[in-house]
Amino acid sequence: MADDLLVARGLAVSYGRSRGLLAPRQSASRVLHGVDIRVGKGETVGIVGESGSGKTTLGRALLGLVEPAAGSIFFGGSDITALDERARRPLRRRMQMIFQEPMSSLNPRHTIGRILVEPVLLHGLAKSRAAALTLVNGVLDRVGLPRDTVDRYSYELSGGQRQRVGIARAVVLQPEFVLADEIVSGLDVSTQAQVLHLLKELTREMHLALAFISHDLSVVRSICQRVVVMREGRVVEEGPCERVFAAPAAAYTRMLIDAIPLPVVDPGWLARGAATDTTGTR
């Protein structure tokens, strides 16, 4: 489709390789089996499935963090499947990731200010450190964190605050595509709602394409337009959230829906949860 930003076709990923003549032979284990997926410009697509379904491997392959064994990946109409690191470098700003556990992805030796300012300077989005800090302060305002957060360290922040920093680190580079991998799974329900509400607003305001990985369909259906259901490295169903949740075609999808904690969609829970704390202090 003309509006597709990211498209993968026949994507396959294997782990493990032969170790040669003098070492034990290790057979490759196929994790993804010919996956097709697309994410349109400004679209939010959920990727769901049980643990081990291949969700995270798919996300990392899309970002070039895992080398596919077969298939192709197109971004903005260009084939990026086989780009080396040097050729891929300009794409790093345009394709960002928000990690599941921000504590492990935020350097505890660096202040939040340094973590956010350095990428801005590296990618040439500001000509000076002062200009970069001004840009960072604007993003902190937008994600609901006080500006003095720049002087703090990750271990001084709550889980919700750290996840907001993770979001800020991704969006401060003004990307076109963001991959969010289980980013609310470790948060309480109220903080989940705040983070999801923020993410939904940012994707709309910035016209971001978002791939949202989760095992929880109740979360996916609250922010996504389409959903891709994975099982054992394969896509078993794909379509608009409204259709998939109302009339799933695959028995596996029905099993996932029956297992989620919110069997009846409540459109207001996200806004109510976000309203409980607008300061970002959780």
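The values are calculated or read from the model by the stated rules, or taken from the named source; none is laboratory data. These figures come from a predicted structure and were not determined experimentally. Reconstructed Cβ throughout: ideal geometry from the backbone, glycine too, with neighbour counts over all protein chains shown.
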task: Could you check how many residues of the stretch 98-114 are crowded, with 20+ Cβ neighbours inside 10 Å and modelled with pLDDT of 95 or more?
output: 2
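Let's see how each residue does on (1) surrounded by 14 or more Cβ atoms within 10 Å (Cβ to Cβ); (2) in contact with a His (Cβ under 9 Å, 6 or more places away or on another chain); (3) within 26 Å of His207 (Cα to Cα):
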{"residue": "Glu67", "(1), (2), (3)": "no, no, no"}
{"residue": "Gly77", "(1), (2), (3)": "no, no, yes"}
{"residue": "Ile80", "(1), (2), (3)": "yes, no, yes"}
{"residue": "Arg94", "(1), (2), (3)": "yes, no, yes"}
{"residue": "Val120", "(1), (2), (3)": "yes, no, yes"}
{"residue": "His123", "(1), (2), (3)": "yes, no, yes"}
{"residue": "Tyr153", "(1), (2), (3)": "yes, yes, no"}
query: Among the residues of the stretch 170-189, is any over 19 Å from the mean Cα position of the chain (by Cα), part of a loop (DSSP other than H, G, I, E, B) and under 27 Å from Leu5 (Cβ atoms)?
result: no
statement: Of the listed residues (Met255, Met206), the one being in contact (Cβ under 8 Å) with a residue 24 or more places away in the chain, aliphatic (A, V, I, L, M) and either surrounded by fewer than 21 Cβ atoms within 10 Å (Cβ to Cβ) or farther than 26 Å from Ala168 by Cβ (or both) is Met206
field: Residue satisfying all of: in the stretch 137-151; under 19 Å from Pro108 (Cβ atoms) and in contact with a Gly (Cβ under 6 Å, 6 or more places away or on another chain); surrounded by the most Cβ atoms within 10 Å (Cβ to Cβ) among these
entry: Leu145
- prompt: Could you say whether any residue in the stretch 127-136 is crowded, with 22+ Cβ neighbours inside 10 Å, assigned to a helix (DSSP H, G or I) and in contact with a Ser or Thr (Cβ under 9 Å, 6 or more places away or on another chain)?
  reply: no
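Go through the residues of the stretch 232-239 one by one and say whether even a single one is among the aliphatic types (A, V, I, L, M) and modelled with pLDDT under 95. First the steps, then the outcome.
Initially, the stretch 232-239 is screened for residues among the aliphatic types (A, V, I, L, M), giving 235-236.
Adding the requirement that they be modelled with pLDDT under 95 leaves none.
No: zero hits.
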Test set (1) more than 22 Å from Gly76 (Cα to Cα); (2) out of contact with any Phe, Trp or Tyr (no Cβ under 8 Å at 6 or more places or on another chain) - Ser222 fails condition number: (2)
field: Options Leu173, Leu116, Leu217: the member that is among the hydrophobic types (A, V, I, L, M, F, W, C) and under 27 Å from Ala259 (Cβ atoms)
entry: Leu217
message: Just to be sure before I move on: is Val117 modelled with pLDDT under 95 and either part of a loop (DSSP other than H, G, I, E, B) or among the hydrophobic types (A, V, I, L, M, F, W, C) (or both) in the structure I sent?
response: no
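Condition test on Val219, is it crowded, with 22+ Cβ neighbours inside 10 Å, at pLDDT 95 or above and either among the aliphatic types (A, V, I, L, M) or not in a helix (DSSP H, G or I) (or both)? Give the derivation first.
Working: crowded, with 22+ Cβ neighbours inside 10 Å: yes; at pLDDT 95 or above: no; either among the aliphatic types (A, V, I, L, M) or not in a helix (DSSP H, G or I) (or both): yes.
In short, no.
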- prompt: Within the stretch 136-171, which residues are among the basic types (Lys, Arg), free of Cβ contacts under 8 Å to residues at least 24 places away in the same chain and farther than 20 Å from Leu121 by Cα?
  reply: none
- request: Answer yes if at least one residue in the stretch 87-94 is under 11 Å from Ala168 (Cβ atoms), over 18 Å from the mean Cα position of the chain (by Cα), charged (D, E, K, R) and outside any strand (DSSP E or B), and no otherwise.
  value: no
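What are the residues in the stretch 33-62 that are among the hydrophobic types (A, V, I, L, M, F, W, C), under 20 Å from Glu242 (Cβ atoms) and in contact with a helix residue (DSSP H, G or I) (Cβ under 8 Å, 6 or more places away or on another chain), if any?
Of all residues in the stretch 33-62, those among the hydrophobic types (A, V, I, L, M, F, W, C) come to 35, 37, 39, 45, 47-48, 58, 61-62.
After this cut, where a residue has to be under 20 Å from Glu242 (Cβ atoms) as well, the list is 37, 39, 45, 47-48.
Within the stretch 33-62, Ile37, Ile47, Val48 meet the criteria.
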message: Whether any residue in the stretch 191-205 is over 26 Å from Val39 (Cα atoms), over 13 Å from the mean Cα position of the chain (by Cα) and in a helix (DSSP H, G or I) is what I want to check.
response: yes
task: Among the numbered conditions (1) buried (at least 20 other Cβ atoms within 10 Å of the Cβ); (2) not in a strand (DSSP E or B), tell me where Met230 comes up short.
output: (2)
